[in-house]
1. Tell me, what is the FRET efficiency for Gln193 and Tyr817 to the nearest 0.05, using R0 = 45 angstrom and their Cβ-Cβ distance as r?
2. Out of Ser192, Leu107, Pro152, whose Cα points farthest toward the positive end of the dipole of the range 106-232 (charges: +1 Lys, Arg; -1 Asp, Glu; placed on Cβ)?
3. Ranked by accessible surface with a 1.4 Å probe, highest first, in what order do Lys379, Lys366 come?
4. With every protein chain left in place and a probe of 1.4 Å, what is the accessible surface of Leu588, to the nearest 10 Å²?
5. Under a 5 Å amide H to amide H cut-off, with H placed in plane at 1.01 Å, what residues pair with Lys556 once short-range neighbours are removed?
6. Once you have the Cα-Cα distance between Ser177 and Ala240, take 0.36 nm times their residue separation minus that, and quote the gain in nm to one decimal.
7. With a bin width of 10 angstrom, please list the P(r) values of the range 124-271 as percents of all Cα-Cα pairs, from the 0 bin to the one holding the largest distance.
8. In this model, which of Lys699/Lys806; Lys500/Lys734; Lys170/Lys500 are farther than 25 Å apart at the alpha-carbon?
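The values are calculated or read from the model by the stated rules, or taken from the named source; none is laboratory data. Being a predicted model, the structure only gives us computed values, none of them experimental. All Cβ positions, glycine included, derive from the backbone under ideal geometry; neighbour counts span all protein chains shown. All accessible areas refer to the heavy atoms of the entire protein, side chains included, with ligands and DNA or RNA removed. Shrake-Rupley method; radii C 1.70, N 1.55, O 1.52, S 1.80 Å.
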Amino acid sequence: MKIEKLLFPGNHSIWLSFNLFHVLSLPLLSTGAIFDESARRDDEVFRLAVADLNLNNEILETEKITISVEFVDGNNPFQAVQEACELMNRGILALVSSIGCMSAGSLQTLADAMHIPHLFIQRSPAGTPRSTCPLTSRLPGADDYTLMVRPPVYLNEVILQVVSEYSWQKFILFYDSDFDIRGIEDFLDRTSQQGMDVSLQKVESNINMMITSLFRTMRVEELHRYRDTLRRAVLFMSPATAKAFITEVVETNLVAFDCHWILINEEISDYDLQELVMKSIGRLTVVRQTFPMPQNTTQRCVKHNHRINTSLCDPKNAKAQQLEVSITNRYIYDTVLLLANTFHRKLEDRKWHSMASLNCIRKNSKPWQGGKSMLDTVKKFGVSGLTSFLEFTDNGTNPNIFFEILGTNYGEDRGRGVNRLATWDPLHGLNGTLTDRKLENNMRGVVLRVVTVLEEPFVMVSENVLGKPKKYQGYSIDVLDALSNYLGFKYEIYVTSDHKYGSLQPDGQWNGLIGELVSKRADVGLSALTITPERESVVDFTTRYMDYSVGVLLRKAERTVDMFACLAPFDLSLWACIAGTVLLIGILVYLLNWLNPPRLPMGSMSSTTLYNSMWFVYGSFVQQGGEVPYTTLATRMMMGVWWMFALIVISSYTANLAAFLTITRIENSIQSLQDLSKQTELPYGTVLDSAVYDQVRSKAMNPFERDPMYSQMWRMINRTGDGNVDESKEGVRKVKYGHFGFVWDTAVLEYIANNDEDCSFYTVSSNAPDRGYGIAMQHGSPYRDIFSQRILELQQNGDMDILKLKWWPKDSPCDLYSSVQMRQNGNALDIHSFAGVFCVLAAGVVISCLIAIVESWWSRRKGSRDDKEIDLEHLHRRVNSLCTEDESPHKQFSTSSADLTPLDMDALPAARQALEQISDFRNTHITTTTFIPEQIQTLSRSLSAKARAPNGGFFRSPIKTMSSIPYQPTGPGPNFGYGNDPDRGTSI
């Protein structure tokens, strides 16, 4: 008798056809199944698997599997237990279920009590990501008859590693209404421990209404802040909800081109993935479960001795795409394959236990005796199927699970390619890299918000026309423009309200530029921003585009004008000694000549007065010679020693004067940071809450970085309350107009010193740079790598050096490292060096003029006296003696003088006319004049009548006469008869 089909209308159970002979003679392979009433596709795959195995004679030769299927409400545990009891009453070897966690817990308790192997395939409602099922714990020592076909939920571990690889520190997590939020409690705890800022938001079923309410309730600032939050998001959603949500936020412009979203769902299909890519912008990363498959297509549908249905084994098959084979369906198929393999092994070892009709309603119901043996066989052997390899550990879980991380590039193009970035499994962890894909030099359409702090020469505001936006310039702006021209993005720039770079406040918040990035109000931070560990913990930095070191700005010593630089070679005491020596030697010379007067020639005007002695000693000291011929041995000895002394002094003065006038001596005690830290006379400081301030404090207070130099600097900086400043410009002003040293970035200080109009600054700094300037971005920014790559290209091509020379030229007009003003030409002497000499000369000229005026005044005062007459008696006797001495007209006399007042001679025309030049001696300078006797008498009368001397003095006038005039020899010794010498002359 052969029965084709039996129907049981009460419970919708269907028994497959079987041969009555086999039923009576062979053990029955009856299997029960309970599925969620909303998952009819599970029933189809289950029946398809049974049909395939019944047609395979290699696994089950003559035996056939019979099945009973029941549909229940996944949220009704009582119904699930009732239907399971009904299946046990009919007699089953194993129970297969694909329901939710709530009903699965009840079935677990029933299976443990009845000793029925229960193969549970966890199913999530509406395709949302799975959460760990809180199954009931069994009694100690009791066997757990429930086997978890699907592996444990590893979504917490996978998403944590993915987010860490992307360096996300702040993001939002969206989940739909069907997702059990308790499933990610462990993930939230671990992110909190790592300092991540994670926000949670539930996505309602009516997404359009939810987005509309956001626009209606939020202010503009809150909406901008929310839009920045959406740039980094994790989605725990079903594929349908994710597609609807992404479509809505893109159309309402809540996300921009630079957004990056991660979708977590084990069961997302290729078809759903392509639709998500088409609807999204920015970058999309998808984490889903995958199954290793053979590369050879002919072996994909063959697993050992079993050929799997082609509609299920090949995901590229057109029929498989239409059927939408989910991961749950794959595990259902492999479960049937595993049970068939277990039945086959049980039949081979002849340890078959017949099915017993169990009544789980009765209190005295006994469990199935063959359940333990069946459970052990299921655990002992595994099978290779659609889910790679299905097996169980001792605790009844499936350890084999693999995830793949798929990603797209940034862009707005539809139909972008999806690439596999990495894989993950519990044994090896992440295999691959999740580094952001390059933007492929295409950031067109992206507008970045750039926050900055004004700092010369990195960022400065140029002169702008009234009514137009401000224009910024500087070295950092040039670097940003070079990146913008290469990548194609645009930017909007603004200055922080507090004009600070940013530091951690006592309340845990960051201020300044860093605070703008942390709060997501800006995309990029740009200025003279140094890369520090504290800042890098909250923001991302590009590679350094310029080295950084700490320096000090100091004011150059003012070069005082020394008018008497010519006196610098000798000390004042030495000059006083020299002056005293001149006076002493002059007095000694006078005394020596007074004690032993020299023999001077007759008629010589030289004398050994104290005045002449002083003048002679001074003239010899300045190498101008003398007029008085000292002939005594003592005087000559004295003068010889004096001349040697004068030679040494003048030679030393000349050599030392040349050195003083051509070499500028620099004497400054601060030439390095070590010199600055050792001195205490010059106060110095830096900007409060700046990177320099933190660096000095760290190296002074941190025991692992303690440096004695920085420790001393830290004590000096905090010694006075006004040592530090709030802005760098204030520190520069204190240096320029006060007694202060400003500790700041060397690059900034060099620019300030180089562009000072008076060149009044100089800088000292450390030689080795220990940090660098970088561009700051938000944590996890997609632009960091492409910015860093472009900066390296600019450095390699030399473009960065060209930009640097624009603001720090080599041919600087100022000397940045000299503490005093230096001459541009060191060999040339200026007027300041000889100002004292010119002043002495001018003073001498003025004094001489004053003396001349006094002498003239004195002479005129004496000439105005009328009561003083010339003593003519002496003149009469002298003239008569000259006329009667010798009457010979040809006799020559020695030179003699007759004193007449000049006014007498000029006032008497008769006297001038009485002189007659009778002859000239040829080829000589001597002339003779003869007085006519009548004229002499007239002259005598005239002189006696009128002549008066205005000052009582006489003058010498040469008068040549042929009369007999006595003469006086010119030198000592006997008379050698010079009277007949034609070269001799006489004068009156």
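1. In this case the efficiency is close to 0.30.
2. Ser192
3. Numbers: Lys379 55, Lys366 150 Å².
So the residues, ranked largest to smallest area, are Lys366, Lys379.
4. Its accessible surface works out to 60 Å², give or take rounding.
5. Phe761, Tyr762
6. Contour length minus the Cα-Cα distance gives 21.4 nm.
7. 9, 36, 33, 14, 5, 2, 0
8. Distance filter (> 25 Å) returns Lys699/Lys806.
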